[in-house]
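One structure below.
The values are calculated or read from the model by the stated rules, or taken from the named source; none is laboratory data. If you're wondering where the values come from, they're calculated on a predicted model, not measured in any experiment. Backbone-built Cβ (ideal geometry, glycine too); neighbour counts: all protein chains shown.
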C-alpha cells in the first residue's frame, strides 16, 4: 500500500474497521488518536474496559459502612468498607431495575439501599433484603440468595492503600502490570515516617476541554514550562521577593518554571512497560527545624542508609497509565477520568504523610491551591495549551503529531527506557506504543 493510500485510509476509514496500530508510528501519532469520537469509544472498551484503573485510597473508607463512589471506565462503581474490614468495589447499580444505589460522592450507612424499590445490600454487595419476597415465589429469581446482589468487579487489588480495579477477569495482576511504574507510589508511602498516608478532605475537580491523552503527554514534557508558564513563574518570583516569603511551597515550585528552554535537561525521564513513566523531582525539599526533625525520625525508623535510600530519590510525576498520576514531591495524586473525546475530568487529591510534621501537610495544600485548584496559577496555563492542541488537531489537513525529540538516543535500563536528557520525548513515544498495543488486542 502506498503512503498516499495509507494516509487516505487513516483519514477517512471507520475507526472500527482500521488497524489502529497504524495510527502510531515510531516517532509520530495520527491526529485521529486524539479527536475521533469513534476512536474514543473504542478506547473506553479496550483500555479503560480492560486495564487496571485507579478507584481510590483506603483512607477514604476508614470505617465499616463507609463508601466512596466513582467510575471505572464507563461503569459507575462504589468502593466500600465491609464489617470484616475488607474493601470491595461494586457496580453502583441495583440488580433489580438498574438504578444507581449510591448517588452521593461518599457517605456512611449500615446497609446500601436502593431508593426505587427498597432492595438492600451489605457492604460486600451481598443481597440483604427484598420487600414482599413472596412476590418471587415460583419464579426464576431467589430473593434469599445473597449472591443476587450488587455485582463485585472481577478484579480488585489494594497496593499499600491504593485501590485499583479492572472490569475483566483475566489479565496480569496489579504488581506485574505496574512493574517499575509503581516506584513513585512506593516513594510517597515510604516517605511517611509511619509508613502510611491518608487523603486530606475532598479533591479539586476540573474539566479540561481536550482529549485525555494530551494531559498525560504533557506530564513528561519538561520543555513546555519555559514557554507556557513563563508569565506565571515571573509573577511568582516577584511575589516571593516582595513579601520575603521563605517557606518552601507552591510559589517556589512555580518560580522554577521560568528558566531557559533546556532547564529540565538534567531531569531524569524513565519510560516503563505498559505506558507507565516517571519524571524525577525538581521541587526543593523542605528546610528548617521541622525538616531536621523529620529527617531524624526517618533515620530512627530506617537507619542512616535506609533513610538516605528513601529520601535520596524523589519524583515530580509518576504515571500509571491510563488513570493515575502521583506527584510524590508535592504529596498529590491526579486522577484522569475521560468524559468524551474532547472533555476530561481531572481530580486532584492531596495526601498527609502519617508521622510527618504538620508543616509538610500545609505545604502540600498550598501547592495544590496554587498549582491545581480551579482558581490556580499554573494549571490554567496548561489547560489553555491543551485546548489549543485539541482545536488544532481537529483540522483534517495536517495528519500527524511529531515525537522525534531525542529519538534513537534512549538508554535501556532493564525493561525500561531512560531519556538521554530531560528534554526527551521518550515517555510520550512509549505511552503511545502502549496505547497501540491496547487498541489492537481484540
Determine, yes or no, whether residue 210 is buried (at least 20 other Cβ atoms within 10 Å of the Cβ), part of a loop (DSSP other than H, G, I, E, B) and in contact with a helix residue (DSSP H, G or I) (Cβ under 9 Å, 6 or more places away or on another chain). yes
Select the helices (runs of 4 or more DSSP H) contained entirely in segment 1-111, then report the ones holding at least 1 residues which are surrounded by 18 or more Cβ atoms within 10 Å (Cβ to Cβ) and over 26 Å from the mean Cα position of the chain (by Cα). 3-12
Filter segment 384-399 for residues that are in contact with a strand residue (DSSP E or B) (Cβ under 8 Å, 6 or more places away or on another chain) and surrounded by fewer than 19 Cβ atoms within 10 Å (Cβ to Cβ); the one that is farthest from residue 266 (Cα to Cα) is 399
Looking at segment 426-435, can you tell me whether even one residue there is surrounded by fewer than 20 Cβ atoms within 10 Å (Cβ to Cβ) and not in a strand (DSSP E or B)? yes
Inspect segment 400-409 for any residue being modelled with pLDDT of 90 or more, closer than 26 Å to residue 180 by Cβ, surrounded by 19 or more Cβ atoms within 10 Å (Cβ to Cβ) and touching a helix residue (DSSP H, G or I) at 6+ places or on another chain (Cβ under 8 Å) and give the result as yes or no. yes
Out of 328, 374, sole residue that is touching a residue at least 12 places away in the same chain (Cβ under 8 Å), surrounded by fewer than 16 Cβ atoms within 10 Å (Cβ to Cβ) and closer than 30 Å to residue 390 by Cβ: 374
Can you spot a residue in segment 44-58 that is farther than 21 Å from residue 179 by Cα and outside the structural domain of residue 80 (by TED's automatic domain parsing)? yes
Which ranges mark the strands (runs of 3 or more DSSP E) fully within segment 132-202 that have 1 or more residues being under 25 Å from residue 99 (Cβ atoms)? 155-159, 162-166
Only one of 241, 297 is assigned by TED's automatic domain parsing to the domain that holds residue 341 and either modelled with pLDDT under 95 or not in a helix (DSSP H, G or I) (or both), namely 241
